[in-house]
Amino acid sequence: MLQGMYTALVWCSCSSFCSQASLLIREGNVLEFADPRLKGEYSVDAFDLCLKLALSCTGHKQQRPSMEQVVSRLEKALEISMRDDDKR
């Protein structure tokens, strides 16, 4: 779902990936990080939640979410995505 996620992680350092994502979040442009091949066919709210979750997992160890929190947020993103799919 994230733009070229595998490519981004292989070719860029985590810090540049995180910096780019953080900047887009601050500017309110998170959709620029979405893979264009999805052609807008995804839940914007679920995408936003997943991007923020990915960033939180790359932070300092003391600030990272627990696996329980990660699973909970992913379940929430799935719930949002399914709800939004029903609306389309």
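Heavy atoms of the protein only, probe of 1.4 Å, neighbouring chains included. What is the accessible area of Met82 in Å², nearest 10?
Rounded to the nearest 10, that gives 110 Å².
Indicate the gyration tensor shape class of segment 5-86 (rounded, prolate or oblate), computed on the Cα atoms with a ≥ b ≥ c the square roots of the eigenvalues: a/c under 1.5 is rounded; otherwise a/b larger than b/c is prolate and the rest oblate.
oblate
Using per-residue counts of other Cβ atoms within 10 Å, averaged over each peptide, order 22-28, 46-52 from highest down.
Going by the mean number of other Cβ atoms within 10 Å, highest first, we get 46-52, 22-28.
Taking the simple approach of a point 7 Å from Cα along Cα-to-Cβ for both Lys39 and Lys52, what is their distance in nm?
3.0 nm
Apply the a/c threshold of 1.5 to the C-alpha gyration tensor of segment 42-88 and tell me whether it is rounded, prolate or oblate.
Taking the square roots of the gyration eigenvalues as a ≥ b ≥ c, segment 42-88 is oblate.
Label-point separation (nm) for Lys87 and Ser66, each offset 7 Å from Cα along Cα-to-Cβ?
3.2 nm
If DNA, RNA and ligands are ignored and the probe is 1.4 Å, what is the ranking of Arg64, Arg88, Arg37 by accessible area, most exposed first?
If we order Arg64, Arg88, Arg37 from most to least accessible, we get Arg37, Arg88, Arg64.
Please give every one of the lysines within straight-line cross-link reach of Lys39, meaning a C-alpha to C-alpha distance under 19 Å, and leave out same-chain neighbours fewer than 8 residues apart.
By straight Cα distance, Lys39 reaches Lys87.
Under 13 Å from the Cβ of Thr58, count the other residues' Cβ atoms, weight Lys and Arg +1, Asp and Glu -1, and hand me the total.
+3
Could you go through segment 22-30 in sequence order and give the Karplus-derived ³J(HN,Hα) for each residue, using 6.51 cos²θ - 1.76 cosθ + 1.60 with θ = phi - 60°, rounded to whole Hz, and x for Gly and Pro?
4, 5, 5, 5, 4, 7, x, 10, 4
Among 55-61, 39-45, how do they line up by average Cβ neighbours within 10 Å per residue, starting with the highest?
Ranked by mean Cβ neighbours within 10 Å, highest first: 39-45, 55-61.
The values are calculated or read from the model by the stated rules, or taken from the named source; none is laboratory data. Please read these numbers as outputs of a predicted model, since none were measured by experiment. Cβ: placed from backbone, ideal geometry, glycine included. Neighbour counts: every protein chain shown. Note: accessible area is taken over every heavy atom of the protein model, side chains too, but ligands, DNA and RNA are not part of it. Shrake-Rupley method; radii C 1.70, N 1.55, O 1.52, S 1.80 Å.
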